1. In the calculated pair distance distribution of segment 534-661, what percentage of Cα-Cα distances lie above 22 Å?
2. When the helices in the chain are scored as -39500 (n - 2.57) per DSSP H run of 4 or longer and the sum is shared across all residues, what 222 nm value do you end up with, to the nearest 500 deg cm²/dmol?
3. Using the heavy atoms of the protein chains and a 1.4 angstrom probe, tell me the accessible area per residue for the chain in square angstrom.
4. Could you order peptides 195-205, 398-408, 129-139 by the average number of other Cβ atoms within 10 Å of their residues, highest first?
5. What list of ³J(HN,Hα) values in whole Hz, one per residue of segment 74-79 in order, does the Karplus curve 6.51 cos²θ - 1.76 cosθ + 1.60 (θ = phi - 60°) give from phi, with Gly and Pro shown as x?
6. I'd like the FRET efficiency for THR426 and SER351, computed as 1/(1 + (r/R0)^6) with the beta carbon distance as r and R0 of 41 Å, rounded to 0.05.
7. If you scale each eigenvalue of the Cα gyration tensor by 5 and take the root, what three semi-axes come out for segment 79-233, rounded to whole angstrom and sorted largest first?
8. Based on the alpha-carbon gyration tensor of segment 371-420 and its eigenvalue square roots a ≥ b ≥ c, which shape applies: rounded if a/c is under 1.5, prolate if not and a/b is larger than b/c, or oblate?
Amino acid sequence: MTFTLDPCRCTTYGDRFLADGDLPGPPREAYRACEQCRGAGSVAHPCYRCDRRGRRRAQLVVTVANLDTGAVASHQVVPGGLDPYRDPTGRWGVDLASRVRELAASVGAVVTDTDAPSLWLSEQWRPDLPAAARHELEAHAILRADYAPWRLVLGRSTAAPTVDPAARLARLCALADLLLLDLVIEARRQGTGFGWAVRYEVPGSPVPSGSPGRWRHLLEALTHTDVGDALTGLAERGLAVPARLLHPDWPRPPVAPAVDVDQLERRVLADCVDPAGGEELPGAQALWRDGRWWHTTLRPGDPVEILVEQSTGQVVRRVHVSLSRGYEAPDPSWLGEPATWRPCPDCRPGSRLRACDCLLGGRPADTDCPHCCGAGLRPSALRCFTCGDTHRLHQAVLVTVTDLRHRVVHLTWQAGTPEVAPLVATQPNGRPVIQLPDRYRLGSWATVLGARPEDLRDADGGHDLDRNLRDGYVTLPWAGADPVGEHVRSAGRGTAAGRLIVVAAPPDAPPLPELLRLTLGLDLALVVALCDRRHNTGDPLLADGLRWSVEVKPRDAPVLPDDLPYRPSLAAALAWCREGLTDAVASAAPANPAVPIPMPWSGPRAIVADPVANLVRLAARHAGQAVTVRFTRAGCAVHRHDDDGVRLLAEGPDLRDLRLA
């Protein structure tokens, strides 16, 4: 019918305005004043499984590709060809892991069993059922796994080197000393076992709320947590921590010694039991700080009642019990005195009130504003744009630039520092734009560390760095404002304890010819877009540099006018494409269920000629305009993005032989 009738969310809590969030049991009667179902108890939603077509495709395709040779092999999963097996618990399943290994052997790749999808049949399936009944049940099992109908498994000709957990732990400890951070090893109770997490924190960060770590053992957590994973979420965990100055020139502790991971795990697990009464505690932590380990228990705090408004118009009451450390380690030797700050004027702590849009441009609150009615504040689920939900405007920001190996630079930018900042431009609204000296330009510090300015990225999540931070540009709210103070406010927005950690190193990305060879083996299209704006270098009001975008799309996907490049370097675009490659292949399956998913087969392919030089020359020829090149097995096609849309410039078997108008 192309839509589904689902129980409304209000039936979870019944016909009551104020409900408890932990009510057990099946759906209850509808809330009569529900703002979604109007008391009917059910809501119609467009069916996302079939994309409102009313039919779905009972087919899965598993493709294994060898990144070193470009060879590709595929297997389709359809009713009637599953060959189910029965596990010791009596469930019927399909052994796709063995088929993935067979495909990997055919292309000379090494993969792991964890890369294979799982498929389980319903309890009604039996091998003695009529063929039509068996095939129908098998089709339903396939449909339950069709959220990714085309699965791509990547492998190499040789097995990847195994991760040594002890060596990784030693490296994480050494980087914690280099970056002046805490390394936290945490175990929390999860069912009958424990969930382990490995992460970096700024000193003073509270125990984060939420679910325990996803790994069952410390060895498993260390194997799957690299430096980037440990840094991700650093700002979120330390938003409430006030800034303190750093003393990086003080003598650092020696290099982290070798650690017995098994003994460390045993010690943390032992701390999960109260030695006084023998009662089980929620968890425990081990902190690497100042060259040694500090151990602490995790204890439950006082319950806090939280009221949460629902989209149905109801209010749900939940009880949250936060965790706290039983022992707080002493401050590290490199942590200095507190940095000054002032409260953020555009948000209210403990609430969702944020500055209303009617205040934009420095205007007074509009009494006729439909959102705030002249109050100047409105509820919002977004972060405060001024402070990033730290509720503080730091007067000092602590910048760390590192290559994540052995080189690091610690900077302290203080508001109110007098600097010679010449006027370089004027915004259309009349606001002056100045440029600060080199010590405030992170692009200059990237050069000191042997990296390119376009390789700078935020260590927390790997996001591209703002151009103003890279080149030291500051737009002053009024003539005579403190330029360093405005720069500090921008750099410290949403950071943990006023710490901004920047990575000055190119991301780990595959070469473009390797990715192009893989895409051609899959019979898909590799879409490379770039725009040359290097002529804008030195103009703070215009985007500059070479902007790149690399995507894998279906072979017949059109080039859209808004598919514009935005990555600051080719390496960043390739890393982003590689990270989302399996999702891109899954979305390349035909949307029409009547069209089967392709099953690409391809032997080893020769590496293609590197097209980067030709792409850069092509972009320079059309400077200021985005150019998109689509590479397929049939050849390549060059498109240019104009004001009127997308125009095909040329197409042919090779980019080097094209004659462009």
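1. Working: 3668 of 8128 pairs.
So the portion of pairs separated by more than 22 Å is 45 percent.
2. Numbers: 14 runs with 124 residues, N = 661.
For the chain, the value works out to -5500 deg cm²/dmol.
3. 50 Å²
4. By packing density, highest mean first, the sequence is 195-205, 398-408, 129-139.
5. Once θ is set to phi - 60°, the couplings for segment 74-79 become 9, 9, 9, 10, 9, x Hz.
6. Values: r = 38 Å, r/R0 = 0.92.
Plugging the Cβ-Cβ distance into 1/(1 + (r/R0)^6) gives 0.60.
7. Numbers: eigenvalues 338, 86, 33 Å².
After diagonalising the Cα gyration tensor, the semi-axes are 41, 21, 13 Å.
8. Numbers: a/c = 4.90, a/b = 1.98, b/c = 2.47.
Verdict is oblate for segment 371-420.
The values are calculated or read from the model by the stated rules, or taken from the named source; none is laboratory data. Computed from a prediction, not measured in an experiment: that's the story for all the values here. Counting neighbours? That spans all protein chains shown, and the Cβs are built from the backbone with ideal geometry, glycine included. Accessible surface is based on the protein model in full, side chains and every heavy atom, while ligands, DNA and RNA are left aside. Shrake-Rupley method; radii C 1.70, N 1.55, O 1.52, S 1.80 Å.
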